[in-house]
Amino acid sequence: MNKDFGAQVKRSHQYYYEQLIYVKVEDIKWGTNNPAKFAKDMREDVLFVKSGNWDTYYKTPILEYTKQHRSCRTTWEIFVEQIHYKDSSQYRSMINKVKSGMPVKGCYSEEDVKMYFDDLLTIYQNIKTYGYKTQDALDGSKKNEIRVYIDRHGEFMLGSEGNHRYMIAKILNLNKIPVIVKGIHYLWAKKCYDYYNNRNLLKSIQEGLRNMDRSSQEDFIQ
């Protein structure tokens, strides 16, 4: 059985295994202490089931993460502290980069940066008015969903995409939001595989994801 598990892990490409699920905002308890390096490592490891110490090495409490991450801070400044986006450090940084000829977040000009922040204001108002919708419902790209990873203990780590939207969800006190699970730790995958006694790795993971927020599963996910 372990041999079968190992063989399936080697075939667990992110593209085929990533899962869209709904999670409680309060259940995303961890961020990363070096988002850029973490994102790079996750891109280079194309497997959905990831071994190693990435989950402990990068892990930082979500409150500390949101205070340090520029996109999270900017969202708080604009929608809670009510400052104009042009007075935010992220806006100034992006303007400086495009002025020097360096594209940032898909922006190549000062007008692009202004549109980027105007879009952020629109996203906030739409979520506040109509609720949080998946990118599919908005005819958007799946790559723009909030990304999360699951550590060896079955806990969520916020990934490198969707930080503005995550902060908007927190500011608006939303209960659940859609996220893309981009990867899980090898040890948690093994727990799923063994616990559900299912020789199909993907189905075992899906069952584990469905049951993560059930109190009856606490002995399993911890």
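Here are the numbers:
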read-out: Residues of region 54-88 satisfying the condition of being surrounded by fewer than 16 Cβ atoms within 10 Å (Cβ to Cβ) and under 14 Å from His164 (Cβ atoms); value: Arg70, Val80
read-out: Residue that is surrounded by the most Cβ atoms within 10 Å (Cβ to Cβ), among those in region 23-51 that are small (Gly, Ala, Ser) and touching a helix residue (DSSP H, G or I) at 6+ places or on another chain (Cβ under 8 Å); value: Gly31
read-out: Among residues of region 114-152, those that are in a helix (DSSP H, G or I) and acidic (Asp, Glu), counted; value: 2
read-out: Sole exception among (1) under 16 Å from the mean Cα position of the chain (by Cα); (2) surrounded by fewer than 13 Cβ atoms within 10 Å (Cβ to Cβ) for Leu20, by number; value: (2)
read-out: Matching residues, region 89-132, being under 16 Å from His164 (Cα atoms), among the aliphatic types (A, V, I, L, M) and in contact with a strand residue (DSSP E or B) (Cβ under 6 Å, 6 or more places away or on another chain); value: Met94, Val113
read-out: Any hit, region 178-188, residues being hydrophobic (A, V, I, L, M, F, W, C), assigned to a helix (DSSP H, G or I), buried (at least 20 other Cβ atoms within 10 Å of the Cβ) and modelled with pLDDT of 95 or more; value: yes
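The values are calculated or read from the model by the stated rules, or taken from the named source; none is laboratory data. Computed from a predicted structure; not experimentally measured. When we count neighbours, we look across all protein chains shown, and the Cβ atoms used for this are built from the backbone with ideal geometry, even at glycine.
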